[in-house]
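S.K.: The structure follows.
The values are calculated or read from the model by the stated rules, or taken from the named source; none is laboratory data. Since this is a predicted model, take the numbers as computed values, not measurements. Cβ placement follows ideal geometry from the backbone for every residue including glycine, while neighbour counts extend to all protein chains displayed.
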Amino acid sequence: MLKLIMTAVASLCAVCAGLQQVTAQGLEPALQARLDAKLKLVQTWAADGAIVSAVKAHNAVPSAEAAAMTQEQWKTLSVLDPFVRSFTKNPTAIFLKSKTTEALSEAFLSGAHGLKIAFLAKTSNWSHKGKPKHDVPMSGKTWQGEIEVDESTGQRQVQIAVPVLDGDKPIGSLVVGFSVSKLTSE
């Protein structure tokens with residue numbers, strides 16, 4: 001019985017600790033300030049010539065396999081599938097990997113139509129078109145999500161998304177997730 005009570009108290013403490021990071025308006029100011037700094041950093045990644053060139057090339061000629069991929073097919077693919085692995089092994093994915101920190105939980109780059117170009121790990125969705133994390137950056141603005149348990153990483157995280165620009169024109173989106181617990185401890 002004592003073990004059950006201690007487990008319940010520990011669980012309640014973990015929930016309360018997570019709630020301290022969220023206010024009625026969003027994140028606690030200190031956590032929001034850290035995330036704002038990360039947003040500025042991610043904007044520099046999205047402006048890097050390697051990212052812009054990869055998005056332009058993808059938008060000009062998406063592969064036939066990528067264009068034919070559906071969400072239903074995507075869900076059935078293993079992380080070891082050669083098609084999936086191609087998005088973690090290409091030069092753009094290597095660029096994203098070079099930017100990882102302990103707080104970064106995921107990152108993925110999409111072209112204008114929401115199809116993936118590169119990612120650190122297989123995403124839950126093949127296309128994010130029609131979702132704010134892609135559509136808002138495609139309007140030229142940044143986007144910040146709510147704290148959530150991410151389906152693909154299993155971590156409590158908050159995602160931010162920025163446009164990839166060709167001059168002033170949005171041509172793609174870069175979405176980066178940050179682990180709330182690790183962002184807090186940075």
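S.K.: Confirm whether G130 is out of contact with any helix residue (DSSP H, G or I) (no Cβ under 9 Å at 6 or more places or on another chain) and at positive phi.
M.R.: For G130, the condition - out of contact with any helix residue (DSSP H, G or I) (no Cβ under 9 Å at 6 or more places or on another chain) and at positive phi - is met.
S.K.: Still on this structure, I have one more. Of K129, K141, which residue is closer than 26 Å to A64 by Cα, of a type in the set (D, E, K, R) and not in a strand (DSSP E or B)?
M.R.: K129
S.K.: Condition check: free of Cβ contacts under 8 Å to residues at least 40 places away in the same chain, more than 16 Å from the chain's Cα centre (by Cα) and either surrounded by 15 or more Cβ atoms within 10 Å (Cβ to Cβ) or within 22 Å of Q155 (Cα to Cα) (or both). Does N90 satisfy that?
M.R.: yes
S.K.: A follow-up question, please. Is the stretch 32-47 home to any residue that is over 22 Å from V149 (Cβ atoms) and in a loop (DSSP other than H, G, I, E, B)?
M.R.: Within the stretch 32-47 (the criterion being over 22 Å from V149 (Cβ atoms) and in a loop (DSSP other than H, G, I, E, B)), the answer is no, since none of the residues qualifies.
S.K.: Could you grab the pairs with beta carbons closer than 9 Å, sequence gap of 6+ or different chains, first residue in the stretch 122-150 and in contact (Cβ under 8 Å) with a residue 60 or more places away in the chain and among the aliphatic types (A, V, I, L, M), second one part of a loop (DSSP other than H, G, I, E, B) and crowded, with 18+ Cβ neighbours inside 10 Å?
M.R.: Hits for this filter: I147/Q21.
S.K.: Would you check if V136 is over 20 Å from L183 (Cα atoms), surrounded by 16 or more Cβ atoms within 10 Å (Cβ to Cβ) and over 15 Å from the mean Cα position of the chain (by Cα)?
M.R.: Considered against the rule, which asks whether it is over 20 Å from L183 (Cα atoms), surrounded by 16 or more Cβ atoms within 10 Å (Cβ to Cβ) and over 15 Å from the mean Cα position of the chain (by Cα), V136 comes out as no.
S.K.: Scan the stretch 39-68 and report the pairs whose first residue is closer than 16 Å to W143 by Cα and whose second residue is loosely packed, with under 15 Cβ neighbours inside 10 Å, with Cβ atoms within less than 7 Å and a gap of 6+ or a chain change.
M.R.: Hits for this filter: zero, empty list.
S.K.: Out of curiosity, is S98 exposed (fewer than 12 other Cβ atoms within 10 Å of the Cβ), more than 19 Å from Q159 (Cβ to Cβ), among the hydroxyl-bearing types (S, T, Y) and modelled with pLDDT of 95 or more?
M.R.: So S98 passes the test.
S.K.: Let me ask another. Restricting to the stretch 101-116, give me the number of residues that are surrounded by 15 or more Cβ atoms within 10 Å (Cβ to Cβ) and either over 21 Å from E72 (Cβ atoms) or among the aromatic types (F, W, Y) (or both).
M.R.: Looking only at that region, the number is 8.
S.K.: Still on this structure: Can you find a residue that is among the hydroxyl-bearing types (S, T, Y), touching a helix residue (DSSP H, G or I) at 6+ places or on another chain (Cβ under 7 Å), outside any loop (DSSP other than H, G, I, E, B) and over 17 Å from K56 (Cβ atoms) anywhere in the stretch 176-185?
M.R.: yes
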